[in-house]
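What follows is calculated from the coordinates using simple rules that are stated; it is not laboratory data. As the structure is a prediction and not an experimental result, all values here were calculated from the model. Neighbour counts run over all protein chains shown; Cβ positions are idealised from the backbone, glycine included.
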Amino acid sequence: MRQHRIPHPQQVRRIGSSFAWIDHRLIRDGHLERMTHHDQVLYLFLVLVADRYGVSFYRKEKICDCLGLDWGEFEIARDRLIDLGLIAFERYSAFTPNGFYQVLPIDGRASLSKQRSSSVRSGTDSKLNDMASSCLRASSNGMSENGLPAERPKSGLGASPQRLNGLTRRADHEAF
């Protein structure tokens, strides 16, 4: 067995009254390399806030605020994590974007699943995502959806949120 030295033996981590863990198979089975930065950040957040069953119920707005993601980036990351079989999502109702998130056990090699969760994908969601994608692409080209020059943020740094067809996005972060 390989011997190792602990740089600060007086500061060894200990499990307190609450803790979270990330399965080592996330790296070993190739999931981490298939994930985007947004996927990784969202997955880490959901692992950290999950209860002992892997379930959390943070609102979409709160998650986006905590992680600095706009709604489009969040939805893409959430859908990718579902496709990778790492999380499940169930809406509270058909009338809300919020619901229960569950971090799933890691089983087998990383691959995009062919079956999507019906609770996440519906015709309406797909149309909204297509519309949002189209608006974000137009905005990144400096044009609005109707072909006119897009409105620029007033701050010099470009970090103030803009409203774009019901989605909040940061001008300094592009989803595509």
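Is at least one residue of the range 14-33 within 20 Å of Pro105 (Cβ to Cβ), of a type outside the set (Gly, Ala, Ser) and under 9 Å from the mean Cα position of the chain (by Cα)?
no
Taking the condition of being of a type outside the set (S, T, N, Q) and within 19 Å of Tyr53 (Cβ to Cβ), how many residues in the range 1-24 meet it?
Qualifying residue count for the region: 6.
I'm trying to understand the selection: among the residues of the range 64-82, which are among the β-branched types (Val, Ile, Thr) and either surrounded by fewer than 20 Cβ atoms within 10 Å (Cβ to Cβ) or within 9 Å of the chain's Cα centre (by Cα) (or both)?
Ile76
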